[in-house]
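The structure appears below as structure tokens.
Rule-based calculations on the coordinates, nothing more; no lab input. Please read these numbers as outputs of a predicted model, since none were measured by experiment. So basically every Cβ, Gly included, is an ideal-geometry build from the backbone, and we count neighbours across all protein chains shown.
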Number of protein chains: 2
Amino acid sequence: MSSNYRVVAEEPLRAFTEQVFRSMGCPDDDATLAADVLLAADLRGIDSHGVARLPGYVRLWQRQRINAIPNIKTVWETPTTATIDGDAGLGLVVAPRAMDLAMAKAREYGSGWVAIRNSNHFGIAAYHALKAVGEDMIGFAVTNASPLVAPTFSRERLLGTNPICYAFPAGDYPPLVVDMATSAAANGKLEIAERASQSIPEGWVLDPQGASATDPSALKAGGMLLPLGSDYTHGSHKGYGLSSVVDILSGVLSGANYGPWVPPFVAFLDPAPNPPGEGLGHFVGAMRVDGFRTAETFKTHIDNWITRFKNAERLHENQPVIIPGEPEHQMTLKRKREGIPLVAPVWSALETLGAELTVPLPPTAG
Amino acid sequence: MSSNYRVVAEEPLRAFTEQVFRSMGCPDDDATLAADVLLAADLRGIDSHGVARLPGYVRLWQRQRINAIPNIKTVWETPTTATIDGDAGLGLVVAPRAMDLAMAKAREYGSGWVAIRNSNHFGIAAYHALKAVGEDMIGFAVTNASPLVAPTFSRERLLGTNPICYAFPAGDYPPLVVDMATSAAANGKLEIAERASQSIPEGWVLDPQGASATDPSALKAGGMLLPLGSDYTHGSHKGYGLSSVVDILSGVLSGANYGPWVPPFVAFLDPAPNPPGEGLGHFVGAMRVDGFRTAETFKTHIDNWITRFKNAERLHENQPVIIPGEPEHQMTLKRKREGIPLVAPVWSALETLGAELTVPLPPTAG
């Protein structure tokens, strides 16, 4: 392992993360839950959404934009739908509570759907969708996010990277999980290129003047991410459309902010004035597989689907077709064994945070 | 209007289409419904999915792959979920019945979700999703389709263009409708390029050897469509993932066929041997907006969303940002006034069909 990395075992990193959340004033259960969501990202290899974000949550709490002791309330309800007010709590805590409610409704009525307002970033969507899979349900989770993406034909940041996640139980295989930003490239990929001083492909970013950019710093300089599809010819209106769906389900339906009014994740940027809603929003849902056919039959066919796609003819001999969610499952097994590599800037930020909050750092290797 | 087009008024074209379905043996109500779905496509400007497909349905019926008098049955049910067996009926008839059931469940419980197996092509997804909007519900409709799309890293057709549609009610604006193939380009765009002897952009199609193709005939020659995103660098794994979600909801969950086993729409190709399911599949759903907040408040905010996005800074002065569903709404108003233009090959196919079934053709202009 290069000296640009420190490797930390899962459990000490989890204990450190929990302790940081407790230092913020989170109740023990909430600290445990929030740490579990962040660790799930690190274990799955979604490094941008794991403990790398821990300082960000602390900074928002310090600015009083995150409430460590939220009174999470169900403010609207039918047998299978509800709206939850997260009381400015951590999305890492609010979203799992919302998913619990969706699953309770699904247990009783077959499906359950919960819109969440007045929340904050909820980590990886897959964490929330996968909760449902454990009970043989199909899980769904989306969230809106700070505006970084320009709609097709615009040069204004009006949408977040607004991820969509669907998770399905399988039989012999790990769950099939589609968890994707609706932008052409996620912000994390730009950060990796920037750290490595590499250029990025055309089709990811426009510069502030609206011209195609291959410099990864163009986004921070005021540029914008492009929707999935990159340009109109290649279907960017579809990426824009999907991102709009996420924004409407998460923000317009719940009473959260939407579009350019979604509050920024970074504490040094202030939220927009005169917002039309409260905080940012999520939308989660669960459907019992056995609301449609037996779970056993479904899983037999999912396994058949996966086997067929794994055996698809390849474009390049050494590159098999990837089953959505399988690389993240393999990465989880590997990192549980070998530990979680943290790049130097992330480790350094955790050192600062630990010193500030007097939380002892986990031991590292590498 | 060029002589390559005939213009037909809506009502005579509708009457012709109904009569063709009645000639197939469809009950009157079913013929009316099926014609309504096809006409909606023509009115909205989705010419590839309107009466252009009418001969295709007739040919499938002649091959006994469409049952004109289906016994559509609910075969599995919870309060908010169900599976419907379409008995090999027209998807144009089966899917609206399924949406009726989803909406009945939503009226009672807040949401309703119906998987459909043993069906055929259902026309445009927007027709089905928009039914829900009329009752202030959010509509959802997806379908799998004949395999034409290769997953990322494969050169095998394993997925259809598998569209996704979400429709939301608005206040002063028309409904916001995202209705999109999950491929980079829809088949219809290739047909238009082929008729005009034009090349297509890279990123839409691979040739049978898996190389990038700019000849629109490459698909018919055994090539494959690319998922939304076009290549891995630009996120084609996301298009592949979305298409997989559609395939699993439509096929694996319902008991229909999925992946490469989805039966072809064209009658001259036989279905795959030893299929794992029955016919092709759809999945539709409805959620009451007032399951989350009042419909009035929601619509006020949707209008605010739309106004904000309409006024987004433009990349090109003369090209405003498009609100999903608005061009199709405008086209509907125009074609209801001015008639529906049918290209010469479509008109010619309708002439043949009319002669064969002794259904008098509608009057035309142009």
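Taken about its Cα centre, the protein assembly as shown carries a charge dipole of roughly 180 debye when the Cβ of each Lys and Arg holds +1 and the Cβ of each Asp and Glu holds -1.
Note on chain B: with charges restricted to the Cβ of Lys and Arg (+1) and Asp and Glu (-1), its dipole about the Cα centre is near 140 debye. In this assembly of identical copies, the label point of residue A:303 (Cα plus 7 Å along Cα-to-Cβ) is separated from its counterparts by 5.5 nm, sorted shortest first. In this simple spin-label approximation, residue B:198 and residue A:202 carry label points 7 Å from Cα along the Cα→Cβ vector, and these lie 1.9 nm apart.
Each Lys and Arg Cβ is given +1 and each Asp and Glu Cβ -1; about its Cα centre, segment A:66-170 then shows a dipole of about 240 debye. Using a Förster distance of 25 Å, how high is the FRET efficiency between residue A:69 and residue A:36, based on the Cβ-Cβ distance and rounded to 0.05? FRET efficiency, residue A:69 to residue A:36: 0.85. Residues within the reach of a label modelled at residue B:303 (point 7 angstrom out along Cα to beta-carbon, backbone nitrogen below 19 Å), restricted to segment A:248-264, are A:248, A:252-256, A:258-259. For residue A:314, the label point sits 7 Å beyond Cα toward Cβ; its separations from the matching points on the remaining copies run 4.9 nm, from shortest to longest.
Apply the Debye scattering formula to the protein assembly as shown, with a single equal point scatterer on each alpha-carbon and no solvent, then give log10 I(q)/I(0) at q = 0.05, 0.06, 0.09 Å⁻¹. With no solvent term, the Cα-only Debye profile gives -0.23, -0.34, -0.77. Each peptide in A:18-27, B:77-86, A:160-169 was scored by the mean count of other Cβ atoms within 10 Å over its residues; highest first, the order is A:160-169, B:77-86, A:18-27. Each of residue A:232 and residue B:211 was given a label point 7 Å from its Cα along the Cα-to-Cβ line. The distance between the two points is 3.2 nm.
With r defined as the distance between the Cβ atoms of residue B:266 and residue A:100 and R0 fixed at 35 Å, what FRET efficiency is calculated, to the nearest 0.05? The formula returns an efficiency of 0.15 here.
With neighbour counts taken as other beta-carbon atoms within 10 Å, the residues A:364, B:152, B:214, B:17 rank, fewest first, as B:214, A:364, B:152, B:17. Under 13 Å of direct C-alpha separation, and excluding same-chain neighbours fewer than eight residues apart, residue A:220 reaches these aspartates and glutamates: A:191, A:194, A:207.
GNM remark for chain B: springs join alpha carbons under 10 Å apart, and the peak mean-square fluctuation among B:327, B:147, B:271 falls on B:327. Partner shielding of B:309-320 amounts to 5, given as the average count of beta-carbon atoms from other chains within 10 Å of each residue beta-carbon.
Placing pseudo-labels 7 Å out from each Cα toward the beta carbon at residue B:29 and residue B:274 gives an inter-label distance of 4.2 nm. For the peptides A:241-252, B:58-69, A:126-137, B:99-110, residues were scored by their other Cβ atoms within 10 Å and the scores averaged per peptide; the highest-first order is A:241-252, A:126-137, B:99-110, B:58-69. Using the Cβ-Cβ distance between residue A:108 and residue A:344 with R0 set to 51 Å, the FRET efficiency works out to roughly 0.55. With the convex hull of the Cα atoms taken as the outline of segment A:1-104, the averaged projected area works out to 7.7 nm². Pairs exceeding 23 Å between alpha-carbon atoms, taken from A:238/B:189; B:189/B:238; B:299/B:336; B:131/B:299; A:189/A:238; A:105/A:131: B:299/B:336. For chain A, the mean residue ellipticity at 222 nm estimated from helices alone is -11500 deg cm²/dmol, where every DSSP H run of n ≥ 4 contributes -39500 (n - 2.57) and the total is divided by all residues, rounded to the nearest 500. Seen from every direction in turn and averaged, the convex hull around the alpha carbons of segment A:205-322 projects onto 12.3 nm².
Between copies, residue B:192 shows label-point distances of 3.6 nm, shortest first, with the point placed 7 angstrom from Cα along Cα to C-beta.
Treating each Cα of chain A as one equal point scatterer and applying the Debye formula with no solvent, the log10 of I(q)/I(0) at q = 0.13 Å⁻¹ comes out as -1.13.
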